[in-house]
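Read the figures in this text as sums done on the coordinates, not as results from a lab. Bear in mind that the values here come from a model prediction, so they are computed numbers and not experimental data. Positions of Cβ are backbone-derived with ideal geometry, glycine not excepted, and every protein chain shown enters the neighbour counts.
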Amino acid sequence: MSGFINGLRDSIDPGGNGQVTIACKGSIGKAFTNNGKMIAKGNHVVHIVKANETITTASLNFYPLDLFSLQPINRHPQIALILLNGDAACSCLSSHIEHMWSKSVVQVCADGSANRLYTMDKNLIPSIICGDLDSCDRNVMEFYSKKNTEISRFEDQSSTDFTKCINMLKQRKYLDGDKTDAIVTLGGLCGRFDHVMGCLESLFIARTKFQIEKPVYILHNDSIVFLIPKGQHKIFIDKTYTTGKFGLIPLGCPAKCVTTNGLQWNLSE
């Protein structure tokens, strides 16, 4: 499996138990399609891994569709929610905000996303507004500040707002222990392509620089993106909420030594 975005389109084994095992020494990505009974019109779950990234070998379990299920395979997840300032015309925030907010124990607005939240629903009060704050309106910051929202300014122009928000969650220890099961991000897959690629890079930074082992999901109208590091992992799928379609995507480098189990057409090394 090689190339920048050449990948494999496959299906979950229709006769299987909804469990997919992936072992990789290189890089892969993967996507499932949700039938949309819960929230969205359809959810592609995409996992992206770099072949040449230095990541500690791990063995992790992923439950991506527990975000939507009323009867989760593992448990109802407690999430740290990050709102990014994506394309204003995109409906990804309005489509998922109410449901994901109800699952969150902490909510972080990245800079100008606070403006969108303010316009959308003034009753939703974020825990933190984070970033260089060059896009957040002053009246919006004043409104949330009076509601006890923490306003945290990061002047670092070398990192994305997404990375700053992840760093903030780590610094505030929201990712310690059982406080949260995952980070869920809205607004990262819409708007300018360079911003989208910057969000994908933030997934690697979360894993390599911040050593975050919990899943970091980027949720869109019809996509969920998350990183699978080098190692052997299991992805548990509630087939009630998926059409079973997905794709494996190497990013930037060839993906070598990838094996899968639980797919209709499995890969071997």
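Using only alpha carbons, build the gyration tensor for the range 148-269 and give me the equivalent ellipsoid semi-axes, biggest first, whole Å.
Gyration-tensor ellipsoid for the range 148-269: 28, 17, 16 Å.
Give me Arg172, Arg75, Arg207 ranked fewest to most by other Cβ atoms within 10 Å of their Cβ, as a rough exposure proxy. Write down the numbers at each step before the final one.
Details: Arg172 17, Arg75 9, Arg207 22.
Neighbour counts put them in this order, fewest first: Arg75, Arg172, Arg207.
Run down the aspartates and glutamates and flag those whose C-alpha is under 12 Å from the C-alpha of Lys239, throwing out any fewer than 8 positions away in its chain.
Asp13, Asp66
Using Cβ counts within 10 Å as a stand-in for footprinting exposure, how do Ile73, Ile97, Ile218, Ile205 rank, fewest first? Let's see the in-between values first.
On the way: Ile73 14, Ile97 20, Ile218 27, Ile205 17.
The fewest-first ordering by Cβ neighbours comes to Ile73, Ile205, Ile97, Ile218.
Rounded, prolate or oblate, given the Cα gyration tensor of the range 159-201, with a/c below 1.5 counting as rounded? Provide the component values of the computation, followed by the final result.
Numbers: a/c = 3.58, a/b = 2.10, b/c = 1.71.
Note, shape of the range 159-201 comes out prolate.
Cut-off is 10 Å between beta-carbons; in what order do Asp161, Asp66, Asp222, Asp156 appear when sorted fewest neighbours first?
Working: Asp161 29, Asp66 21, Asp222 16, Asp156 11.
Fewest to most other Cβ atoms nearby, the residues stand as Asp156, Asp222, Asp66, Asp161.
For a label point 7 Å from the Cα of Ser94 along Cα→C-beta, name the residues of the range 102-140 whose backbone N is under 11 Å from it.
120-121
Run the numbers for Asn61 and Asp137: contour at 0.36 nm per residue of separation, minus the present Cα-Cα distance, in nm.
On the way: separation 76, 0.36 × 76 = 27.36 nm, distance 4.02 nm.
In short, 23.3 nm is gained.
Would you mind checking the pairs Lys170/Lys230; Lys164/Lys209; Lys170/Lys209; Lys103/Lys179; Lys170/Lys214; Lys147/Lys170 and listing those with alpha carbons more than 18 angstrom apart? Spell out each step's value before the answer.
Working: Lys170/Lys230 22 Å; Lys164/Lys209 12 Å; Lys170/Lys209 11 Å; Lys103/Lys179 12 Å; Lys170/Lys214 11 Å; Lys147/Lys170 23 Å.
Flagged as over cut-off: Lys170/Lys230; Lys147/Lys170.
What Rg and what Dmax come out for the range 54-176 when only alpha-carbon atoms are used, in angstroms?
Gyration radius and largest Cα-Cα distance of the range 54-176: 15.4, 47 Å.
Please state the shape class of the range 111-187: rounded when a/c is under 1.5, otherwise prolate if a/b exceeds b/c and oblate if not, all from the C-alpha gyration tensor. If you can, show how the numbers build up before the last one.
Numbers: a/c = 1.78, a/b = 1.29, b/c = 1.38.
It comes out oblate by the Cα gyration axes.
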